[in-house]
1. Taking the alpha-carbon centroid of each part, what is the distance from region A:85-125 to region B:78-143 in angstrom?
2. Extension gain B:Ser222-B:Asn378, at 0.36 nm per residue separation less the Cα-Cα distance, in nm?
3. In region B:91-153, what percent of the accessible surface is made up of carbon and sulfur (1.4 Å probe, ligands and nucleic acids excluded)?
4. Given a cut-off of 32 Å, name the pairs among A:Lys197/A:Lys347; A:Lys491/A:Lys518; B:Lys347/B:Lys389; B:Lys132/B:Lys270 whose C-alpha atoms lie farther apart than that in the structure shown.
5. Could you check the simple spin-label distance between A:Asn360 and B:His139, using points 7 Å along Cα→Cβ, in nm with one decimal?
6. Once each part is reduced to its C-alpha centroid, what is the distance from region B:425-479 to region B:207-235 in angstrom?
7. Put simply, what bits of region B:399-419 lose 10 Å² or more of accessible area when the other protein chains are there, versus the chain on its own (1.4 Å probe)?
8. Which helices count as membrane-span-like in chain B under these terms: full DSSP H, at least 27 Å along the axis by C-alpha, Kyte-Doolittle mean of -0.5 or more?
Number of protein chains: 2
Amino acid sequence: MEYVDIDSNESAYAYPLLVKHLLHTPLAHAPDQEIVYRGETRLTYRTMRERIARLANGLTRLGAEKGTTVAVMDWDSHRYLECYFAIPMMGAVLQTVNVRLSPAEIAYTINHAGAQILMLHTDFLPVVDAMKDQLETVHTFIWIDDEGSEASAHSIPFASEYEHMLAASEPSYDFPDFDENTRATTFYTTGTTGLPKGVYFSHRQLVLHTITGMAALASPVSGQRFHRGDVYMPITPMFHVHAWGMPYIATVLGVKQVYPGRYVPDQLVKLVRDEGVTFSHCVGTILHMLLNCGEAKTVDLSRWKVVIGGGALPQGLARAALDRGIDIFAGYGMSETCPLLSLAQLKPGSETLDIDEQVNLRCKTGLPVPLVDLRIVNEEGADVPHDGKASGEIVVRAPWLTQGYLKNPGASAELWDGGYLHTQDIASIAPNGYLQITDRIKDVIKSGGEWVSSLEIESLISQHPGVSEVAVIGIKDEKWGERPVALVVLKPQFVPLVSEDEIRNHVRAFSETGQISKYAVPQIVRIVDQLEKTSVGKLNKKRLREQFA
Amino acid sequence: MEYVDIDSNESAYAYPLLVKHLLHTPLAHAPDQEIVYRGETRLTYRTMRERIARLANGLTRLGAEKGTTVAVMDWDSHRYLECYFAIPMMGAVLQTVNVRLSPAEIAYTINHAGAQILMLHTDFLPVVDAMKDQLETVHTFIWIDDEGSEASAHSIPFASEYEHMLAASEPSYDFPDFDENTRATTFYTTGTTGLPKGVYFSHRQLVLHTITGMAALASPVSGQRFHRGDVYMPITPMFHVHAWGMPYIATVLGVKQVYPGRYVPDQLVKLVRDEGVTFSHCVGTILHMLLNCGEAKTVDLSRWKVVIGGGALPQGLARAALDRGIDIFAGYGMSETCPLLSLAQLKPGSETLDIDEQVNLRCKTGLPVPLVDLRIVNEEGADVPHDGKASGEIVVRAPWLTQGYLKNPGASAELWDGGYLHTQDIASIAPNGYLQITDRIKDVIKSGGEWVSSLEIESLISQHPGVSEVAVIGIKDEKWGERPVALVVLKPQFVPLVSEDEIRNHVRAFSETGQISKYAVPQIVRIVDQLEKTSVGKLNKKRLREQFA
């Protein structure tokens, strides 16, 4: 019997999934829609399309070609959005540089990615000055200046300034077709130890992440939606996982986009008010700062929808946001996953739940977005029950996960195992389908054949009125494998009053009501003066485990 | 400089776009959601997933394997939905047989596709009986019986009955990974002349059509939306372009789905009422029948959203539907395009337009959906202005267009030209981005260097109170290339009263106000007794042109 596979690449009908194809419909539907930078610079989608062509022509003149990596150091701006399109659309690779790293780390990532062109905003002149002699592959520097000054004599030999380069370039460029698996972007993730690791994404991956993310974000019945009538402003840096991919989604939706430059809480809140922003995303810490800044006290935030990611959404923050009328919910993903994996959306019918039940659902890790094959598995790789209790590592397949770490086969082999990307997050799945992360795999305690969440015990201990800080770690135990140990810092006035036994009994009470397993009750509680932290202020459990062992 | 393309196929991370991946999230979010057949049979998504595995096992036992074409003749049913998934997921090809064709034509399409297995509903026993001796490739027949009767002695040698086959098969099946460009479905289109032509779609194409269609349908601000809270019922046959791909979208959304069996107007309206249907799609003629059936008079249809396709949405029908509270709008596509190309959605802000302006927009051909690269071009292939006046042929690229016609390289070469699929539809695009089809390319009249729409002149002539029917055709003209000729049938009582000159003057008045070009005024008007029609009741312009020449 005849059997014909369809050839997607060879025939006249080939349609590779390329970033350029995201622009067809916004330009058809909404060419006059606005893109705003800091409330000052305003342009239309039509103008942006021309500037994308000018940028591609300017970069070509400076030597960029297919495969060239172009590194960018800028705050959130219309220019960065132009780079999101122009650089991949040429067949070049956009490196979004994490400007929060040290100069030496930044130099490392640029060298490691092999970037040949570096575009940098005026604010990063001192950083680049400090490390420019360490740059091994960059041959061309382009200045990004908000005032559009001439790239005059400077310790960095700029070839051009961004606006001058665009002004001197033609507004049309015939962006070619090429293989959809061509690399489009790269950037570096940082762990608590070791050098930053590069992840990378192809055109195909960005297009599939964009369209599927749009489908997921648009499809709730009401609320928690990103739709064509929204006004979008990122508050996750554009160097971090393409601002969670949202600028691409916003562009396909054809919505007004607001880019805030450097994040200053009062300024951000003013932009929400003045530009009518209705959809944003950020980490919980930033939203907390925004809600508590001076400007926030008088601004109506009740039309604002905010996705929280980069860590759990604390229930207290969710409640504070809901009290202000903010339609808040959690999202989950990581640099390696482009990032979107799940969203804590309410199901049809649950919009009418009372506030406590809503807070509970909105703070979940979420429901997977379409095409994401998400499982929770035990150490043997077998699925654990979706009963809301059993926990396992989250492993995923999706069409937009990094293939590995750049030039790092060892770490890549750990990331991918058995055809699934291993997130190192431990979670349970409730019968209603909601995923809930309970721990990182390196912090989970394996006791009596069960996985005990250090985060959950910490949360319970922190509810004791005398406790200031707490870390729960696992220590080796002949009989149980591991047992939990709690290290507790008391509030000064409670130091004479609270004993280690009292803390243990406090936890045991939760065990006796069945809320936690008996294996979760710490065998040892130690009251200590302080807890070792990492450079970014997180508990350094690795060091704590070493100290206690 | 190192330059690495990402290899999408070879590595551990490969994620081919396969139909099976559409099931991950509905099963995670909504396993207990209902699928209803004729208001009688009810099952859940979880049960459907088991039945999909049983169907794959049953078909495997009967000899189906990768590449086998399985033809299906059924009314709209939960079984058909199961076939949409199980057959492609096995690596086999689903042929959706157009049951409205003649027995000889049906036999032709089954032979041409090389189907080896034919599944047929009881209602089609006479049809298959009449042509079974003509079937050259079918080796196995499977009976679909609503009563689930045993496949007993019959003139057709059934190997099994659908429900019996499922009951005898295991509820799990390890659906394999394979190349996303593997053919998933095929079906035949019929023109006014010639044999039916086969189109075909791959897994990749179905997945991209589904996710992008979901993104497009979900993203309006309010209204005209297909979202997670809807209840879905198709009223476009499932054999016709996968019921416009909507059952796949409905499944990913995880909504309640209602399959009506054979279309009976009163029954359909009852299902809308009893099952709470909120989203459907059909051709205009069917909606007209539904609105005028007995049952419709008493049923509240104000929660119902209906997409009209398969031809223009007449303004009168749109108004009648809006009067009943139905959220109606047009969609555009064709068998060759899987089908979705555009949707006549209201832009943000235009929800508040008055009824006349809304009707006007809702009846447009629409705004292209994401990833669709849609152009209107003149005979030289150059873009014509988007001024709402200039017209050209619609040519498109999208990731879900048929590669060609099955085993018909001649017709395929005409379909694809210059990297674009040629729709043979003539349209204009307004400055606000809305596409409006004005004619079919074979019916357009090229006069004085302009393209004159025969449909537009017919519409104007039909507004004359004495006119019963009208056909406008082009005839050769030395000076102008072509000139329009109007063939008019008068209402009996007007025959003595209306002259050919009066009709011409009626049209000229529109030319004088600038509504139409002077080239659109028919040079000749002929009053005739009747107009030649095709077998399906459309004007046979080919014959009329021959007669008049």
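1. Cα centroid to Cα centroid, the span is 57 Å.
2. Gain on extension, B:Ser222 to B:Asn378, equals 52.5 nm.
3. 47 percent
4. Distance filter (> 32 Å) returns A:Lys197/A:Lys347; B:Lys132/B:Lys270.
5. According to this spin-label approximation, the distance is 5.7 nm.
6. Using only Cα atoms, the two centres lie 33 Å from each other.
7. Listed in order, they are B:Pro399, B:Gln403, B:Lys407, B:Trp416, B:Gly419.
8. Counting only whole DSSP H runs, no helix qualifies.
The values are calculated or read from the model by the stated rules, or taken from the named source; none is laboratory data. Predicted model only: the values in this text are computed from it and were never measured. Heads up, the Cβs are rebuilt from the backbone with ideal geometry, glycines too, and the neighbour counts pull from every protein chain shown. Remember, those area values only see protein heavy atoms, side chains included, never the ligands or the DNA or RNA. Shrake-Rupley method; radii C 1.70, N 1.55, O 1.52, S 1.80 Å.
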